[in-house]
Amino acid sequence: MKVSQRLLETALPIWESYYHHPFVQGISQGTLPREKFQFYMIQDHKYLMQYAKVFALGVIRADRESDMRLFSTLINGTLNTENAVHKWYLHQLGISQEGIDRAPMCLNNESYTNYMISVAFKEGLAELATVVLACAWSYKLIGDFVEAVPGSLRDDNFYRHWIKTYTSPAYREDTKVMIDFVDRLTEGYTEEQLQNLEHILVNCSKYEYQFWDMAWTMGKMDC
């Protein structure tokens, strides 16, 4: 069994629970209140800025030039390609960069991103790559789920652009690249090391669920 398959089986029950979260359901049905999505977009923008730093640490930690180039590409994808959907929605919602800067980073968001950066600093390159999989892989699966919901891609669904971003061939390919990267880096890993990868992935997956909760409640408990 590939390491990625083992990680998938470990995290899948948590990831599948996202499908039933009212925030994700609201996106798929087009019924999510826009003020909740606005709150989410601001926090997710702040998240992506920290997410890019994990990839930047990958450039530093990598020994192979090809791996350095991979992480460099992922930085660009995070700051430009993925962030493009944020800028589009932020413009539609009338949110300026100054408004983003003024908004506090919620406790869940700060804790989650600090955890990712801590793992990236303290552990190996495979652990660094694993720490981003909970977000990257689960969003790919959420995209698959939402895309299959009848009417989710109708023109009058305000969230259609978001759905199409995470169901695009480019996003799916980038996710596959990271999955394959983890498989290559973990060749010869011991059982203890594999259990640590599972621990990292589960922790990040729980943070992801809390992020959806934070977005749904608009930070009522932690902002």
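The values are calculated or read from the model by the stated rules, or taken from the named source; none is laboratory data. These figures come from a predicted structure and were not determined experimentally. Neighbour counts are summed over all protein chains in view; Cβ atoms, including those assigned to glycine, are modelled from backbone coordinates with ideal geometry. Ligands, DNA and RNA are stripped out before the accessible areas are found, and what is left, the full protein with its side chains, is counted by its heavy atoms. Shrake-Rupley method; radii C 1.70, N 1.55, O 1.52, S 1.80 Å.
With the requirement that a residue be over 18 Å from residue 104 (Cα atoms) and open to solvent by less than 30 Å² (accessible area, probe 1.4 Å), what does region 203-223 give you? Listed by number, the residues that qualify are 204, 205, 208.
Taking each residue of region 56-82 that is aromatic (Phe, Trp, Tyr) and looking for partners that are surrounded by 12 or more Cβ atoms within 10 Å (Cβ to Cβ) with beta-carbon atoms closer than 6 Å, six or more apart or interchain, yields 71/55; 71/58; 71/59.
Among residues of region 13-23 being under 15 Å from the mean Cα position of the chain (by Cα) and either open to solvent by 10 Å² or more (accessible area, probe 1.4 Å) or aliphatic (A, V, I, L, M) (or both), the one that is nearest to residue 126 (Cα to Cα) is 14.
Listed by first and then second residue, the pairs linking a residue in region 9-23 that is within 15 Å of residue 210 (Cβ to Cβ) to a residue that is hydrophobic (A, V, I, L, M, F, W, C) and open to solvent by 40 Å² or more (accessible area, probe 1.4 Å), with Cβ atoms under 9 Å apart and 6 or more places separating them unless they lie on different chains, are 18/145; 21/216; 22/216; 23/216. Taken together, 49, 1 contain a single residue that is closer than 24 Å to residue 110 by Cα, modelled with pLDDT under 95 and open to solvent by 10 Å² or more (accessible area, probe 1.4 Å), which is 49. Scanning region 71-84 for residues that are hydrophobic (A, V, I, L, M, F, W, C), open to solvent by 10 Å² or more (accessible area, probe 1.4 Å) and either under 15 Å from residue 136 (Cα atoms) or not in a helix (DSSP H, G or I) (or both) yields 74, 75, 79.
Here residue 172 fulfils each of the conditions (1) modelled with pLDDT of 95 or more; (2) farther than 17 Å from residue 6 by Cα; (3) in contact with a helix residue (DSSP H, G or I) (Cβ under 7 Å, 6 or more places away or on another chain) apart from (1).
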